[in-house]
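Encoded as structure tokens, the structure appears first; notes follow it.
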Amino acid sequence: MRLSQYYLPTLKEDPKEAEIASHRLMLRAGMIKQTSAGIYAWLPLGLKVLKKIEKIVRDEQDASGAHEILMPTIQAADLWKESGRYDAYGKEMLRITDRQDREMLFGPTNEEMITDIFRSHIKSYKDLPQNLYHIQWKFRDEIRPRFGVMRGREFLMKDNYSFDLTYQDALYSYQKMYLAYLRTFTKMGLRAIPMQADTGPIGGDLSHEFIVLADTGESEVFVDKAWMDADLTGEGIDYNNRVKLNNYFQTLSSIYAATDEKHDAENAPENLTTARGIEVGHIFYFGTKYSEAMNATVQDANGKVVPVEMGSYGIGVSRLVGAIIEANHDENGIIWPEAVAPYSIGLICMKPSDRACSEAANDLYDKLTNAGLEVLYDDTESGAGAKFANMDLVGVPWQVVVGPKGLEKGMVELKKRSTGDKQEVPLDSIFDQLNPSKKKKSA
RNA sequence: CGGAGUGUGGCGCAGCCUGGUAGCGCACUAAGCUGGGGGCUUAGGGGUCGGAGGUUCGAGUCCUCUCACUCCGACCA
């Protein structure tokens with residue numbers, strides 16, 4: 001993308017409303033614009049990152065065997081009256097009426113609707129298990145939204161729901177999601193620790209929160225130091241290998257980790273460390289709470305009608321954008337992990353008015369783009385300092401600087417954002433160095 | 001909801017106490033000079049001061065009401 005043709009409104013100064021790093025940097029890097037308290041418009045750069053995160057989440061859900069659907073944002077109140085949550089949910093739920101004075105609501109979550117979808121077609125144990133997910137905007141009228149997209153009122157969430165015949169099967173579904181979540185966060189360059197958690201208004205008796213440790217986290221957490229060395233990647237485990245999956249789950253579950261609500265100081269291990277964390281995912285097993293209330297039943301092998309065992313699983317997709325920035329930034333800006341970086345390469349033409357310079361940069365841009373690489377190309381007339389500062393701010397992992405001085409020697413500069421390391425590279429070999437397909441061959 | 005604040009050009013702010021018809025930095029436009037870490041000169045464009053009402057000859061400035069937003073707290077993915 002040529003910067004001269006892009007919509008990237010970067011800011012030099014910190015907007016006054018932004019307190020924490022991720023919020024500040026997202027505003028300064030032109031990723032989002034606030035439209036109301038806790039509600040944001042996503043600008044091109046921000047949306048690009050959001051979609052990359054969404055894709056990682058989607059890919060791993062698909063790999064786990066879940067099926068994607070898409071449910072509406074607006075729901076009728078009837079279903080919620082059936083489950084009993086219409087009165088229980090409180091003011092967090094945004095209630096609206098349509099022109100016929102029908103009671104509607106902007107969905108804060110989808111247990112009721114998914115249960116309705118499930119029960120309308122699934123009648124036999126032979127059709128189980130089922131696991132359906134969607135990635136959709138939710139609205140929760142938070143008492144106090146803050147921290148930018150980390151606690152917005154409108155937010156993008158992946159939520160899915162499992163349906164099983166027995167407790168044992170439900171536990172297996174739960175463990176599959178546990179594994180899927182660890183893999184999902186690992187792919188984004190995050191280490192998220194699964195912690196025992198309260199089930200809250202969703203109900204149930206088995207629940208884990210996935211928490212990324214960060215100084216600016218909202219909740220205090222207590223974790224065994226063994227977590228620092230634990231394998232959170234979930235590598236080498238097959239979703240279909242029930243025994244191995246269970247072992248992995250049990251092994252990690254045996255290491256102490258708890259949020260402050262669940263923390264039990266008396267039974268906690270000695271080598272404990274306290275930290276602050278950001279919740280990026282939350283999984284629940286809640287049994288038959290909704291299936292009983294809403295009559296979601298199947299016939300088992302004996303012909304007996306039984307309520308299905310359910311679980312629900314959520315990942316805060318939009319929150320992850322903030323969480324990743326909290327975990328990856330410095331005083332100059334964002335440092336994107338490559339997997340979620342909006343652009344992998346930032347190309348700077350130092351002096352566009354210099355013909356040799358702009359020709360060399362244009363040529364390199366075309367080559368890289370044609371090779372399928374995502375390049376943010378600063379071809380503007382701004383001063384050199386502004387270009388560097390902006391490229392650092394938006395956090396592109398690799399920066400290539402093409403300038404007259406270097407070109408005299410046939411060299412360009414290559415800088416790695418995460419370390420700040422710079423090296424001189426011959427112009428005629430920079431393409432090969434940046435092109436991953438070539439890289440692999442030579443490696 | 002309780003407490004504390006803030007609303008003045010796209011962003012950050014000054015002016016308000018001690019009313020006299022709006023200013024600074026950045027950004028933006030034009031020309032020129034520059035070009036290796038937010039560069040320089042000159043010339044420009046853009047706001048009626050969150051909204052409504054009131055006091056006054058006169059309100060960004062004083063008074064009343066109202067809306068929005070931020071921070072602390074309870075609450076929550």
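The values are calculated or read from the model by the stated rules, or taken from the named source; none is laboratory data. This is a predicted model, so every value here is computed, not measured. Here Cβ is always computed from backbone atoms with ideal geometry, including for glycine, and neighbour counts include all displayed protein chains.
Looking for whichever is crowded, with 19+ Cβ neighbours inside 10 Å, within 14 Å of RNA strand B (Cβ to nearest atom), within 30 Å of A:ARG28 (Cα to Cα) and in contact (Cβ under 8 Å) with a residue 24 or more places away in the chain here; the options are A:ALA197, A:ALA192. Which one fits? Answer to the check: A:ALA192. Within the stretch A:196-298, considering only strands (runs of 3 or more DSSP E) that don't extend past its boundaries, which have at least 1 residues that are within 30 Å of A:ARG119 (Cα to Cα)? Qualifying strands (runs of 3 or more DSSP E): A:206-213, A:272-287. Comparison of A:SER173, A:SER219, A:SER162 shows that the only residue that is among the polar types (S, T, N, Q) and either free of Cβ contacts under 8 Å to residues at least 24 places away in the same chain or in contact with a Leu (Cβ under 9 Å, 6 or more places away or on another chain) (or both) is A:SER162.
Beta carbons closer than 9 Å, at least 6 apart along the sequence or on distinct chains, pair a first residue in the stretch A:377-390 that is part of a loop (DSSP other than H, G, I, E, B) with a second that is within 6 Å of RNA strand B (Cβ to nearest atom) and among the hydrophobic types (A, V, I, L, M, F, W, C) for A:THR380/A:ALA386.
Filtering the stretch A:148-159 down to residues that are within 15 Å of A:ARG24 (Cα to Cα) and out of contact with any helix residue (DSSP H, G or I) (no Cβ under 6 Å at 6 or more places or on another chain), which residue is surrounded by the fewest Cβ atoms within 10 Å (Cβ to Cβ)? Taking the candidates together, the pick is A:ARG151. If we scan the stretch A:302-325, do we find a residue that is within 29 Å of A:ALA63 (Cβ to Cβ), at pLDDT 90 or above, hydroxyl-bearing (Ser, Thr, Tyr) and touching a Leu at 6+ places or on another chain (Cβ under 6 Å)? So far as the stretch A:302-325 goes, yes, one or more of its residues are within 29 Å of A:ALA63 (Cβ to Cβ), at pLDDT 90 or above, hydroxyl-bearing (Ser, Thr, Tyr) and touching a Leu at 6+ places or on another chain (Cβ under 6 Å). Within the stretch A:139-155, the set of residues being without any contact (Cβ under 8 Å) to a residue 60 or more places away in the chain and of a type in the set (Lys, Arg) comprises A:ARG140, A:ARG144. Regarding the stretch A:100-121, can at least one residue be identified that is within 13 Å of RNA strand B (Cβ to nearest atom) and among the acidic types (Asp, Glu)? Yes, the stretch A:100-121 contains a residue that is within 13 Å of RNA strand B (Cβ to nearest atom) and among the acidic types (Asp, Glu). Pairing each residue of the stretch A:237-254 that is loosely packed, with under 12 Cβ neighbours inside 10 Å with any residue that is among the charged types (D, E, K, R) and at pLDDT 95 or above, provided the two are 6+ apart or on different chains, yields C-beta distances under 7 Å for A:ASP238/A:LYS244. Filter the stretch A:316-345 down to the residues that are farther than 18 Å from A:LEU27 by Cβ, within 14 Å of RNA strand B (Cβ to nearest atom) and either out of contact with any Phe, Trp or Tyr (no Cβ under 7 Å at 6 or more places or on another chain) or of a type in the set (S, T, N, Q) (or both) and list them by number. The answer is A:VAL317, and nothing else. All of (1) surrounded by 18 or more Cβ atoms within 10 Å (Cβ to Cβ); (2) aromatic (Phe, Trp, Tyr); (3) over 25 Å from A:ASN328 (Cβ atoms) hold for A:TRP398 with one exception: (3). The condition (being among the β-branched types (Val, Ile, Thr), part of a loop (DSSP other than H, G, I, E, B) and within 29 Å of the chain's Cα centre (by Cα)) is satisfied by just one residue among A:VAL321, A:VAL396: A:VAL396.
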